[in-house]
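Below is one structure, written out as structure tokens, with a few remarks after it.
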Amino acid sequence: MTTHPTPAPPMIPAPEHPAAVRTLPAIDAASLTGLKKVTQYYVVTAFLALLIGVLIGPLQALNYAGIDVYSFPLIKALLKSYYQGLSLHGVLNALVFTQFFISGWMLYLPARDLGARINLKFAWFTYLLMTAGLLMAAVPLLTNHATLLYTFYPPMQGDALFYIGAAIMVGSSLLVVGQVVAMWWAWKRANPGRVTPLVTFMSVATWMMWFVASLGIVIEVLGLLIPWSLGLTPGVDPLLSKTLFWWTGHAIVYFWVLPAYISWYAFLPRHAGGRIVSEPLTRLVFVIFLLNSVPVGLHHQFSDPNISNLWKTIHMFLTFLIAVPSLLTAFSVAAALEDGARARGGQGLLGWITKLPWGNAIFSAQVLAMISFILGGAGGIVNASASFAPVVHNTAWIPGHFHITVGTATTLSFMGIALWLIPHLTGKRMPSMRLASAAVWTWFVGMMVFALGMHWQGLLGVTRRAQVSATAQDIYQTAELALPKALTGLSGVILLVSALLFFYVLFRMLLSPRVQDPESTPIPYSEAISPAGEQLATATPLVRLTEPLMVLWIISLLLVLMMYGPVIGKLLGNLQLVPGWRLY
Ligand code: HEM
Ligand SMILES: [Cu+2]
């Protein structure tokens, strides 16, 4: 039985999926409305950030097509330099959009899954604090006082306000971790012996992973960058900072994709009329991510001094290992879709694919996102290999890679999810499936063309983070670059059209009146072919092994300390403090 106080009528039915929790009372209508409102604020803030961030992208694509638009009066009035635009693009898209969307999404899902009545005041406080941090960091970004690119590597130095705002924004996400873990723990105590429902399990494991991952950047910003930018310390050690940055910086990519995995596993089968293949396997995948996502960051530092090759190699192998749960995901989700397609009469070895609901933008966005992720993941293995890394490191290949991972696997999934989530939160209706589909397919095509152009340019040695269109060096004018440059420029145009279509659909939906009961668009829970069951006593060993997330959380923290302790210890023993630079 539950410990929640004073249930108030009227009641909203609990989720209809088989693993739904029946011992908690249904969440009451007022709290549900409140929960939906705060989630909506997170999601809308996220998409506002994406809107601004994405509008800068095509300018950069034109740069890599050899076309310099940064001296145009309008653009000059808005952006002081290519690099200010690039800093805004990276921060708004990769850090702000993702974190806000995920905070709303992974607060809402477990609360609904468990039927828990959360502390709404705390949820609003967290949202407002996160937004305050964002606005603080935005001031120096917009005034060209923090043109540091989204990695803000020292000794490049920005205004203290940027680091303080970023710390508050990232720190607020840890409050969401606290709220969700506490919610789950209260449920555990109220339901001894029960198996955690799958969506909650995936959300809690992801938040736990993010907590361990975030420690690197939290230590970097609080311990090194803020005191340094305030002039309290004489200098900063760039290598130590960079190492702490990549402690978080690689794992953050799993913080970006796992929330999409939740949807691919739990909801995507439903859109296709299929079932989750195996809940126990899904739980295993998330546990591997919890344990193995973080101690891999040195694959970003193969060429850095004062870090031994032994540790670089260990991190490299751990990176290869973390490809395994993604492969498990690709096969499981494909099987779930095949299950749906065959139920709809699909036949043949591959013929079933034609029976999938490709015209449904909610579905196609997420499947195209997955396809993109398969290609991106393959490229990731190349990036992480010590032997290949020197070929692609810091070339256009790298942005080519992460636009088909975070820029498509995550972004396109969130776009697709928004198409049902916003009606579900607000009772508003999606205005046009055709326009939404057009947005989704053009995003996919645009990003595929972009990836082709950028990977190709990278292999030919074009550097990333360079205003190549404004340089006099004819190395960037050779004939062999003509085609990849043209492809990159073309992709920028396709993606601009796609973004305009998507945001048109999104804002028309948001600005329209409420026309239906929000709950008439349900959370698309899928059934499972092989469920985890409800009671631990009768569950399989795999389910029982994956249930104690608290213990696994501690193990994951210890693993990170083991894999980073000696590396950071050595750097601390040989500190090299240097003063800050402003290059902008
Ligand atoms: C309209 C779509 C987009 C286009 C045309 C685009 C284009 C580009 C280009 C050409 C670069 C490389 C710039 C350089 O290295 O000098 C870049 C960098 C980047 N983009 Fe995008 N992008 C788009 C959307 C996105 C999205 C959706 C995300 C993430 C959610 C994203 C995240 C990033 C990040 C993190 C960087 C690296 C910034 C840095 O190096 O500091 N982009 N983008
Ligand atoms: Cu990485």
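The values are calculated or read from the model by the stated rules, or taken from the named source; none is laboratory data. What you see is a predicted model, and the numbers here were worked out from it, not measured in a lab. FYI the Cβ positions are ideal-geometry reconstructions off the backbone, even for glycines, and counts take in every protein chain you see. To get the accessible areas, we keep the full protein, side chains included, count just its heavy atoms, and leave off ligands, DNA and RNA. Shrake-Rupley method; radii C 1.70, N 1.55, O 1.52, S 1.80 Å.
For region 494-528 and region 411-488, compute the distance between their C-alpha centroids and round to whole Å.
Each part's Cα centre sits 21 Å from the other's.
Compute the distance from the alpha-carbon center of region 140-171 to that of region 210-264, in whole Å.
13 Å
Using 0.36 nm times the number of residues separating Asn394 and Leu327, minus their current alpha carbon distance, what extension gain do you get?
This chain segment gains 21.5 nm when fully extended.
Over region 210-274, what percent of the accessible surface lies on carbon and sulfur atoms, probe 1.4 Å?
Working: 1160 of 1570 Å².
Accessible surface attributable to carbon and sulfur in region 210-274 totals 74 percent.
Would you mind getting me the FRET efficiency between Val139 and Thr538? Use the beta-carbon distance for r and R0 = 60 Å, nearest 0.05.
0.60
Kirkwood Rh and Cα-based Rg: tell me the resulting Rg over Rh for region 308-396, rounded to two decimals.
Expressed as Rg/Rh, it is 1.14.
So if R0 is 35 Å, what FRET efficiency would Val551 and Ser308 give, r being the distance between their Cβ atoms, rounded to the nearest 0.05?
0.70
To test your reading of the geometry: what angle, between 0 and 90 degrees and rounded to tens, separates the Cα axis of helix 361-384 from the longest principal axis of the chain?
50 degrees
Within region 447-466, whose backbone N sits under 19 Å from a point 7 Å along Cα→Cβ of Glu480?
Within reach of a label on Glu480: 452-464.
Tell me, in nm to one decimal, what length is gained between Ile67 and Leu510 on full extension, where the rule is 0.36 nm per residue of separation less the Cα-Cα distance? Kindly include the intermediate steps, with their values, before the conclusion.
Numbers: separation 443, 0.36 × 443 = 159.48 nm, distance 3.56 nm.
Here the answer is 155.9 nm.
Along the Cα→Cβ direction, 7 angstrom out, place labels at Leu74 and Val382. What is the inter-label distance in nm?
3.6 nm
Roughly how tilted is helix 309-321, in degrees to the nearest 10 and between 0 and 90, from the longest Cα axis of the chain?
It is inclined by approximately 40 degrees.
Of the accessible area of region 86-176, with the probe set at 1.4 angstrom, what percent is carbon plus sulfur?
Working: 1960 of 2500 Å².
The computed percentage sits at 79.
Under the √(5λ) rule applied to the eigenvalues of the Cα gyration tensor, what semi-axes describe the equivalent ellipsoid of region 281-333? Give them in Å, descending.
One finds semi-axes of 27, 10, 7 Å for region 281-333.
Return the calculated 222 nm mean residue ellipticity for the chain, to the nearest 500 deg cm²/dmol, obtained by summing -39500 (n - 2.57) across DSSP H runs with n ≥ 4 and dividing by the residue count.
For the chain, the value works out to -21000 deg cm²/dmol.
Run through every distinct alpha carbon pair of region 443-584 and return the Kirkwood hydrodynamic radius in angstroms, one decimal place.
Evaluated on region 443-584, it is 22.7 Å.
Probe of 1.4 angstrom, ligands and nucleic acids ignored: what's the accessible area per residue over region 147-257, in square angstrom?
Result: 26 Å² per residue.
Just the Cα atoms of the chain: what Rg and Dmax do they give in Å?
Considering the chain through its Cα atoms, Rg and Dmax are 23.5, 73 Å.
Along each of its three principal axes, how wide is the spread of alpha-carbon positions in region 37-84, in whole angstrom units, largest first?
44, 22, 15
Whole number in Å², please: accessible area per residue of region 277-394, 1.4 Å probe, ligands, DNA and RNA not counted.
Numbers: 4690 Å² over 118 residues.
Per residue, region 277-394 has 40 Å² of solvent-accessible surface.
If you fit an axis through the alpha-carbon atoms of helix 279-292 and take the longest principal axis of the Cα set of the chain, what angle between them do you get, 0 to 90°, nearest 10?
Taking the Cα atoms of the chain, the angle to 279-292 is about 30 degrees.
Treating only the Cα positions of region 104-248 as identical point scatterers, give the base-10 log of I(q)/I(0) from the Debye formula at each q in 0.09, 0.12, 0.15, 0.17 Å⁻¹.
For the requested q values the scattering log ratios are -0.35, -0.58, -0.80, -0.93.
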